[in-house]
């Protein structure tokens, strides 16, 4: 547990940011200048908001197979973000649906359970919200509220089994150490269905890419719900509660919801209403990382388009490229399979034999048959932006 | 997590947050206008005011009214009816960029 002094220091520390770098960057949509800023321990990232800190990974940092810890995006809802002392940190596991409540130290987690490592994309539900047309309110994310990492920790299932899950359990609720400024603001707690909590791909992770989790990505331990959007990946975990009734908190009942039936993906049935339902799985998507619109290509030069494709865990079956206004599609070459929850690299040699504009469209298909759509499905919060991406390059 | 922020500790923490916020978010300048200082003071209790220009292109008067209402109803922002009106007039006048 953080001490009172830690909390007070952290209350300031959360906003005592490192030196800011200012640079004007034109983004793909011409949405305007972007400002870079560095949180302590992070490299300069695209600052979407100072406090609570919301920082996006620049495109260049999405090129490597795994996103570096110091480049990984940062997303918070609440402004009080304590620095946690790992020696005094405790994880409480209990609730009315747990027969043998536990309190675990980080050492307990590391030594008493089987260590597992999983490569998975962590993508914010609102990734690309800033690219919605018509635009919608909220943090105006571009393409970089996402990253791919190797998460190491233990299976949530093993911890819950030790705590004795009652047959009547329906959801598991998670709380982290981050807190609101005002007591009247709902604390950030999330729940997931009991089946997802017991899934082998739901982890309590304490390492990211072989290193302890960075502070801004949830140290000392966070939830990893592989395949589901980042909202469920609760950071700075302090409490896990097994409940026998649907969780009644604002961040599940009143936020992160999509129109019922509008999107594919797993259903969170205990939280569904006829109108809205919680967002769950990441939808099939892709991103060109080698080029942005406006890039100049040498006439007759050897040019390779490259990027990443990912989904909610079915895995990527194919990535296709069109350079003729989406009349015909050619398969791109896929890179190494890092696991079904990770992104998959793709490459494709571009034809630069004709000078002029070269419009390139990319679409990914997952192994369950899902394909990136051509049109956005409007939704009030601007979630699930996964339409086919197009860049206009200039051969000359 | 919020138990540790009770009572006096909460008040001190809030003061620290505000001081640090002002020291580090100085680069954010809201447009001049009647109601600017009140808007900055109330909004910055919980978040930096760059959320205002960032959302301006999406917002009109009705959008800002909903946003202020949400901050009061859902997030417990300590804003009186009279203040809400002044904040709305300022935001609708200076940050309503929705076509």
For this session: Filter the range A:256-266 down to residues that are in contact with a helix residue (DSSP H, G or I) (Cβ under 8 Å, 6 or more places away or on another chain), on the phi < 0 side of the Ramachandran plot and within 14 Å of another protein chain (Cβ to nearest Cβ), then give me how many there are.
Result: 0
For this session: Kindly check whether there is at least one residue in the range A:187-208 that is assigned to a loop (DSSP other than H, G, I, E, B), at pLDDT 95 or above, in contact with a helix residue (DSSP H, G or I) (Cβ under 9 Å, 6 or more places away or on another chain) and within 14 Å of chain B (Cβ to nearest Cβ).
Result: yes
For this session: Being in contact (Cβ under 8 Å) with a residue 24 or more places away in the chain, within 17 Å of residue A:220 (Cα to Cα) and within 14 Å of another protein chain (Cβ to nearest Cβ) narrows it down to one of A:153, A:126, A:176, A:142, so name that one.
Result: A:176
Exercise. Can you pull out the residues in the range A:47-65 that are surrounded by fewer than 24 Cβ atoms within 10 Å (Cβ to Cβ) and either over 22 Å from residue A:80 (Cα atoms) or more than 11 Å from chain B (Cβ to nearest Cβ) (or both)?
Worked result: A:57, A:58, A:59, A:60, A:61, A:62, A:63, A:64, A:65
Problem set entry | Breaking point among (1) surrounded by fewer than 23 Cβ atoms within 10 Å (Cβ to Cβ); (2) farther than 28 Å from residue A:247 by Cα; (3) more than 14 Å from every other protein chain (Cβ to nearest Cβ); (4) touching a strand residue (DSSP E or B) at 6+ places or on another chain (Cβ under 9 Å), for residue A:107 | (4)
For this session: Could you tell me which numbered condition residue A:273 fails, if it satisfies all but one of (1) under 23 Å from the mean Cα position of the chain (by Cα); (2) assigned by TED's automatic domain parsing to the domain that holds residue A:191?
Result: (1)
Problem set entry | Neighbours by Cβ (under 8 Å, 6+ apart or cross-chain): first from the range B:63-78, more than 10 Å from chain A (Cβ to nearest Cβ) and at pLDDT below 95; second outside any helix (DSSP H, G or I) and buried (at least 18 other Cβ atoms within 10 Å of the Cβ) | none
For this session: Pick out the one residue from A:159, A:234, A:181, A:252 that is within 14 Å of another protein chain (Cβ to nearest Cβ), on the phi < 0 side of the Ramachandran plot, surrounded by 20 or more Cβ atoms within 10 Å (Cβ to Cβ) and not in a loop (DSSP other than H, G, I, E, B).
Result: A:252
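The values are calculated or read from the model by the stated rules, or taken from the named source; none is laboratory data. This one's a predicted model, so the numbers in the text were calculated from it and none came from an experiment. Cβ sites come from the backbone with ideal geometry, for glycine too, and all protein chains shown count toward neighbours.
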